[in-house]
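Below is one structure; the comments refer to it alone.
Every number here is computed from the coordinates shown, using simple stated rules; none is lab data. Quick caveat: nothing in here was measured; it's all calculated off a predicted structure. Note that we place each Cβ from the backbone using ideal geometry, even for glycine, and neighbour counts take in every protein chain shown.
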Amino acid sequence: MTFSITQRLLEAAALALLGLLPGPATLAQTAPATLTVQVSKPVAAVPKNMFGLFFEDINFAADGGLYPELVKNKSFEYDDHLIGWKAIRGAAGLADYRVSGDQPIGATNRHFLRLSVKTAGPDAGFVNEGFRGMGVKQGAEYTFSVYLRRGPGSISALNVTLEEPGQRGGGPETSASGQALAQAQITGLTGEWKKYSVVLRPSATAAKARLKLTVEGTGTADIDVVSLFPKDTYLKRENGLRPDLVQLLKDMKPGFLRFPGGCIVEGMTLDNRYQWKETIGEVASRQPMINRWNKEFKQRYTPDYYQSFGLGFFEYFQLAEDIGAEPLPILNVGMACQFNSAELAPLGSAAKGPNAAGPGDEPTLDTFIQDALDLVEFANGPASSTWGAKRVAMGHPAPFNLTMIGIGNEQWGPQYLERYEPFARVLKAKYPAIQIVSSAGPSPEGELFDKATATLRAQKAEFIDEHYYAKPEWFRQHVDRYDNYPRTGSKIFAGEYAAQSVGIASPANKNNWDCALSEAAFMTGLERNADVVAMASYAPLFAHVDAWQWTPNLIWFDNLNAYGTVNYYVQQLFSQNKGTTMLPVQLPGGAKSGTDNLFASAVADDAAGDLVVKLVNYSTAPRTVKVNLAGAKKLGKTGRALVMAADDLNTQNSLQEPKKLTPQESKFAVAGPVVSYTLAPNSLTVLRIPGKR
């Protein structure tokens, strides 16, 4: 067992502290290391949003993940209009099928599926495969809805079947065989478009079900906006989110939620960029768009990866509110992804004067700036305002209390800086209270990084977003990264980071304990410098086990289940124990950062009346430490220890063993201001000691 040695060490250490065994020094091979926490000399307040979440629609994080619509390409609006759909092989009565645009539902639903049936039969129809199948649960309720129109002939009904598939065809057709899990029939079809709905209750649980639609009779029938949506959503909302995934987010007690990315903010081209205004309003009218991760990695080519925008900006704001996080939307700065097309929008009048414009209908920077101004109004404006009224119409009369906006995702070079300056200037002129997150680029060092940092500091940028993906040892070696940063001026947003066990973007990367423990060591450096680092988030957040493009990721899931990685529980321990006030920590020899692979940080949790010390022992041997709580007052008699430890640095959680390595809680005695404790090998330990400063 992973915990056998660790548990014995913790039990022995606890008994020793109670005087029932020889002291902890006998358990370790070296003399105790003394750490001093200056409890009476607080540095600064810990930012309330210190540890948060970074969401990007990569790895099927939205459609097929957090957004639980089960039908892929429900409106036939993908570039390949039949992605996700297949005609039933052997359906002799299905004389013809095609995607048509003849008198569609409306301007935003321009295509639909037209079936022509010559001979009536039970298999005249189509199936939808879902997102690597459809995960359904026995006895749960799923709302099926569809728009139908009857054409010439005698088609009288649509048969709806949720089934486990039989043998599947590899081409545009699929087998008719399958075990029915739920069935319903829709009648009353007319010659005009009409919406119909029915509730399906599966008789069994299935991870990879499919939806089968067939018609009764002969003639022509038109089908559009096909939906199968679970009633069991977070807070039971009609267009709600997958509850187990939301709960994993809420359990982290995140300070902020950054959305919607990431590189999808930029797009491969500017036409492919994320435009928030296209993601609000009636869900059925939101037009899908190819996801920029669709073909980014040849080894993970995913041609069926699109964005339906069922999860749009309104839902993102609502999610942030639900999990108690500050919303942090990121907007395009007039630049497509520089790793792809590097397309630029002309600077426009905001930067070049009132007569500047782009050729033809090409949007200038003014368009992007106006989108930001309108977003603040959408989030915070009254019902009497144009965009505030749209929020109210969607069911949220109160403002979302937006306080931060990111300008650009991960851009670099002079093209970014010359767009950021007018963007920030105009936004701050109208909304001076809005704080702006700027970009230092994809690399945490180098000439471009140094230039961006210097320029943004000179412009008094509130937050500078730094990203780092690197091998685990980089994180341990750079724990002191922020020790010598300026203590005033721009704050740092560690917006994307994750240790890569093999290499950046390698498909062989693992969410193992080596990576997570190295990240924990680095996070002690973030916490020790919380007067400089105001926000931090691991990235990416979600990944579908059958449809990922990037690894590692914080949370993995399939169509029915989800689990937090060992990295997730490290993030959770820091977020749940972030405290309220930074306390100085001195390691042996007077060092602030890692000494002999021992890393530490400390805070006071004034609200709980605790002193909190975080300790990382990146060593194969147990290590006894003495924590000197200098200046502490009213110490309690018993402390709590939250420990993650594994003898094997390759330990991982999985769908089969979702909690193989999670925090384990125990109690220990506190005899005075010097607390002795034995750290397990390869461990992250959070000590919570009742006391005041």
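Since only Asn597, Gln572, Met582 are under comparison, the one whose Cα sits farthest along the positive direction of the charge dipole of the range 567-693, derived from C-beta charges on Lys, Arg, Asp and Glu, is Met582. Histogrammed with a bin width of 10 Å, the alpha carbon distances of the range 532-639 distribute as 11, 33, 31, 18, 7, 1 percent, first bin at zero. The angle between the Cα long axis of helix 4-17 and the main principal axis of the chain comes to about 40°, on a 0 to 90 degree scale. Using C-alpha pairs below 8 Å separated by at least 6 residues, the relative contact order for the chain is 17 percent.
The amide H of Val533, built 1.01 Å from its N in the peptide plane, has Ile492 as neighbours under 5 Å, considering only residues 5 or more places off or on other chains. According to the Kirkwood relation over distinct C-alpha pairs, the hydrodynamic radius of the range 363-438 is 13.2 Å.
With respect to the chain, whose longest principal axis is taken over its alpha-carbon atoms, helix 447-458 is tilted by about 80°. At full extension, Thr620 and Thr386 could sit 78.1 nm farther apart than now, given 0.36 nm per residue minus the alpha carbon distance.
The Cα center of the range 217-233 and the Cα center of the range 533-603 differ in position by 43 Å. Peptide packing for 468-481, 45-58, 324-337 was compared via the average number of neighbouring C-beta atoms within 10 Å per residue; ordered from the highest value, the list is 324-337, 45-58, 468-481.
In order along the range 413-420, the Karplus-derived 3J(HN,Hα) couplings, from 6.51 cos²θ - 1.76 cosθ + 1.60 at θ = phi - 60°, round to x, x, 4, 6, 4, 6, 8, 4 Hz, and Gly and Pro are given as x. Normalised by the number of residues in the range 85-230, the mean separation of alpha-carbon contacts (under 8 Å, six or more apart) gives a relative contact order of 37 percent. Shown here are the Rg and Dmax of the Cα trace of the range 85-230, at 14.5, 39 Å. Counting only DSSP beta bridges with both residues in the chain, the antiparallel share comes to about 70 percent. Distances between placed amide hydrogens fall under 5 Å for Gly125 paired with Ile88, all partners being 5 or more residues away or on another chain. Legend: Rg and Dmax of the chain, from Cα coordinates, 27.9, 91 Å. Partner lysines whose Cα lies under 20 Å from the Cα of Lys451, excluding those fewer than 8 positions away in the same chain, are identified as Lys460, Lys491. Summarising the label geometry, the points placed 7 Å from Cα in the beta-carbon direction at Thr662 and Ala95 lie 5.9 nm from one another. Only Lys, Arg, Asp and Glu carry charge here, each on its Cβ (+1 for the first two, -1 for the last two); on that basis the chain has a dipole of about 1740 debye about its Cα centre. Within the shell defined by Cβ-Cβ distances under 12 Å, the residues around Ala320 carry a net charge of -2, with Lys and Arg each +1 and Asp and Glu each -1.
Summing charges over neighbours of Phe229, with a neighbour being any other residue whose Cβ is under 15 Å away from its Cβ, gives +3 when K and R count +1 and D and E count -1.
Taking Cβ atoms as reference points and 12 Å as the exclusive limit, the residues near Thr551 contribute a net charge of +2, counting Lys and Arg as +1 and Asp and Glu as -1.
For the cross-link pairs Lys137/Lys298; Lys72/Lys660; Lys195/Lys277; Lys390/Lys578; Lys236/Lys510; Lys72/Lys250, the ones whose C-alpha atoms lie over 29 Å apart are Lys137/Lys298; Lys72/Lys660; Lys390/Lys578; Lys236/Lys510.
Counting only aspartates and glutamates at least 8 places from Lys430 when in the same chain, those with an alpha carbon closer than 19 Å to its own are Asp366, Asp371, Asp374, Glu377, Glu421, Glu462.
Exposure proxy shown here: for Asp63, Asp271, Asp606, the number of other Cβ atoms within 10 Å sets the order, fewest to most, as Asp271, Asp606, Asp63. In the range 545-590, the C-alpha radius of gyration followed by the widest Cα-Cα span (Dmax) gives 16.9, 52 angstrom. Whole-Hz Karplus values for the range 392-397 come out as 4, 5, 7, x, 10, x Hz, taken residue by residue from phi with 6.51 cos²θ - 1.76 cosθ + 1.60 and θ = phi - 60°; glycine and proline positions read x.
Counting only aspartates and glutamates at least 8 places from Lys667 when in the same chain, those with an alpha carbon closer than 17 Å to its own are Glu11, Asp610.
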